[in-house]
Amino acid sequence: MKIPQRATAYLNDTLYDKWSFPHVVDLIKEELSLNHEESFSVLDQILRKDFKGVSKANQWMNKWKSLIKQYEKTKETPTGTKKPSYNVNVNTAKNMFNNYQGTQTICSTFNETPIASSSAPISTSSTLTTTAFDNQASTSDSLASTSGTGAAKSAVGDKFASLFDDEDEDDSATSNQERFRRELYKALYLHFKGGQDLFLVARLNKLAQGLVPRNLSEALDLLSYCLLNKDMSPNELSASHILCFSGPTATVFARYFDKQSPNIRILFEQAKSRSTHFSTVTELSEEGRNTVQNLIETTTEELPLRLKITEKKLQLLEGGRHKSEEMQALDVIEYLVLMMRRKEQRHISELAFYRVTAHIMDIILSNSSLKLVDGENCSQATKNEQKANQKVFCDDDDTKKSIGRKIDMIVSDKGCELSSSEWKKQATSPLTIEQQHVKNIRTNASMLKKMLSLCGEDALMCVVGMEWLGLVGCVYSVEKLNDVYVMDEAGTLIVPDTLSTLSLIVDTLDMLYKIKQHHEKLATILEPAMERSKLSRQLNKLRSAAETEEDDTTNPIFFTPTNKRQKKSDTSHQ
């Protein structure tokens, strides 16, 4: 096998340490055209390294120098026949060719200025930028025209080029923004699977040049682009078109939108000041609130307080009001008083805190059709979104592992998921809290997306979830606003742990009854929509396969790919 001229020159050049970075790329290009199995193996190792600067070129040159010397042994045999080249796995060749093109593109503009856009470009390292996009056909032509084996090399070039025939883009078919969104989501998906495609990086950087967002969803795409290589939790939200105004991730969104154009900042502020549908829900009845307040103000001693509670409950029972909110509120107060006895013996685990708050909710929902599904159950809504992710990217790795995300508590009615809530023990790290927060928001957004698919995108609906840390919690709402999901805080929850702070339960009961009323309202709206959907599915069984319903794969909520999750012992970041 003939050694390329540049490779020979490289071997004979005693000043190879001074070769420029693009020269190394040219050498890689020629070695790639040899279609040698060993060449692909070494090339793969080199391309997987971070391209942080020319200072690493010497390391790569030495590796290629050793490889080329080995190729000298592949010259013609005594019989005059050439030693046959190795067969290369097609998938391996595709990945290597992908990485090669991205490398050439990046290296050809290594010393150029960063792209002009509203956000920093991504790269395979923190310092590398690109401004150009090499045409795939010209790269394949250069591979085929490399000196050496003539027709054989031409066939190799055609083989590589054919691997990407299905990726040709028609500029008239879609806008740059839509292409940018598609490529961005693909890059993010690959990133969380632990892979990287340098060619995709170069193409994404090219699409980002001069891209000016016109609405909140396009602005969130650019934010996700900025965060792509930073492995930050907000990236999973922005990629899902979820805008956060509360919680650990809110500052990232606030700082980013503060630097956007005036029009985008106006849209951001309008979304922030909107009135949520949750604010119109009723609280604990005035009668029940007054009863609780009067009891608590009477005494802070256990025995007198329990006597007062018993007297009031007896009155309600004799009056046939055993199912009233007033009776439920008294049951909660009595339970809290008994719970305080075990304060010192209580375990500090997540489950111990969950039992306290879950029992309170059981009391409040005692006369409701709402169902509490607890015990780390999987959400069907997240399973649907995970399948949509896999379908968009033809991800066969996850095909048999679509099990959805495990949730501490799901509120449902007649099989329809209405919200998800999560619990953590008091001693939880800020990072874990943030990861849990991001997971729970995306889960509730998935549930809202399912509801809107049943009732129509213009339906006035929002999902209300909870996040608990020990005995304190936050309530937040997620609703659809034009083309994005908006998350904001809707209230606080405090379960008192001493008799002296028992009065704090009044506002908590108000909020819990608001949550109850909101879920019952959602269930009422969804019941006829679910029935219509059920009948439609039955009818579709009688129709042709072409008319059956298909999963919605447009703008899926982002969830970490399965194989990435399995590498982690802590799945809270899912």
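The values are calculated or read from the model by the stated rules, or taken from the named source; none is laboratory data. This is a predicted model, so every value here is computed, not measured. Every residue, glycine as well, gets a Cβ built from its backbone with ideal geometry; the counts of neighbours run over all protein chains shown.
Quick notes on this one:
- For segment 308-330, a residue qualifies if it is touching a residue at least 24 places away in the same chain (Cβ under 8 Å) and exposed (fewer than 12 other Cβ atoms within 10 Å of the Cβ), and exactly one does: LYS323.
- Top-ranked residue in segment 310-333 [being under 48 Å from the mean Cα position of the chain (by Cα) and aliphatic (A, V, I, L, M); ranked as farthest from VAL506 (Cα to Cα)]: MET327
- Residue within segment 452-462 that is hydroxyl-bearing (Ser, Thr, Tyr) and in contact with a Lys or Arg (Cβ under 9 Å, 6 or more places away or on another chain) present: no
- Evaluated against (1) in a helix (DSSP H, G or I); (2) without any contact (Cβ under 8 Å) to a residue 12 or more places away in the chain, GLU183 falls short on exactly one condition, (2).
- Condition met for ILE333 (out of contact with any Asp or Glu (no Cβ under 7 Å at 6 or more places or on another chain), crowded, with 16+ Cβ neighbours inside 10 Å and in the same structural domain as LEU504 (by TED's automatic domain parsing)): yes
- Subset of segment 342-353 that is basic (Lys, Arg) and free of Cβ contacts under 8 Å to residues at least 24 places away in the same chain - its residue that is surrounded by the fewest Cβ atoms within 10 Å (Cβ to Cβ): ARG342
- Flag for ARG355 being at pLDDT below 95, within 30 Å of SER420 (Cα to Cα) and not in a loop (DSSP other than H, G, I, E, B): yes
- Residue match in segment 557-573 (condition: at pLDDT 85 or above and surrounded by fewer than 18 Cβ atoms within 10 Å (Cβ to Cβ)): no
- Top-ranked residue in segment 278-295 [being part of a loop (DSSP other than H, G, I, E, B) and either among the β-branched types (Val, Ile, Thr) or without any contact (Cβ under 8 Å) to a residue 40 or more places away in the chain (or both); ranked as surrounded by the most Cβ atoms within 10 Å (Cβ to Cβ)]: VAL281
Residue-by-condition table, conditions (1) in a strand (DSSP E or B); (2) among the hydrophobic types (A, V, I, L, M, F, W, C); (3) not assigned by TED's automatic domain parsing to the domain that holds PRO213:
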position: LEU448; (1), (2), (3): no, yes, yes
position: VAL478; (1), (2), (3): yes, yes, yes
position: LEU509; (1), (2), (3): no, yes, yes
position: ILE515; (1), (2), (3): no, yes, yes
position: LEU522; (1), (2), (3): no, yes, yes
position: PRO528; (1), (2), (3): no, no, yes
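- Close Cβ contacts (under 6 Å, 6 or more residues apart or on different chains) running from residues in segment 419-436 that are free of Cβ contacts under 8 Å to residues at least 24 places away in the same chain to residues that are of a type in the set (Lys, Arg) and in a loop (DSSP other than H, G, I, E, B) are absent.
- Residue that is surrounded by the most Cβ atoms within 10 Å (Cβ to Cβ) [pool: residues in segment 484-500 that are within 19 Å of PHE559 (Cα to Cα) and either among the acidic types (Asp, Glu) or out of contact with any Lys or Arg (no Cβ under 9 Å at 6 or more places or on another chain) (or both)]: MET487
- Restricting VAL337, VAL281, VAL252, VAL292 to residues that are among the aliphatic types (A, V, I, L, M) and closer than 27 Å to LEU522 by Cα narrows the list to VAL281.
- Residue check: GLU457 meets all listed conditions (1) modelled with pLDDT of 90 or more; (2) outside any strand (DSSP E or B) but one, namely (1).
- Looking only at residues in segment 512-553 that are polar (S, T, N, Q) and modelled with pLDDT of 90 or more, the one that is farthest from GLU325 (Cα to Cα) is THR524.
- Residue in segment 270-277 that is out of contact with any Pro (no Cβ under 7 Å at 6 or more places or on another chain), without any contact (Cβ under 8 Å) to a residue 24 or more places away in the chain and among the basic types (Lys, Arg) present: no
- Residue check, SER420 buried (at least 23 other Cβ atoms within 10 Å of the Cβ), in contact with a strand residue (DSSP E or B) (Cβ under 7 Å, 6 or more places away or on another chain) and under 30 Å from SER533 (Cα atoms): yes
- Test: residue in segment 440-448 that is out of contact with any His (no Cβ under 7 Å at 6 or more places or on another chain) and surrounded by fewer than 22 Cβ atoms within 10 Å (Cβ to Cβ): no
- Members of segment 216-229 found to be farther than 11 Å from PHE192 by Cα and more than 11 Å from the chain's Cα centre (by Cα), listed by number: LEU216, SER217, GLU218, ALA219, LEU220, ASP221, LEU222, LEU223, TYR225, CYS226, LEU227
- Restricting segment 268-291 to residues that are of a type outside the set (D, E, K, R), modelled with pLDDT of 90 or more and touching a Phe, Trp or Tyr at 6+ places or on another chain (Cβ under 9 Å), the residue that is nearest to LEU460 (Cα to Cα): ALA271
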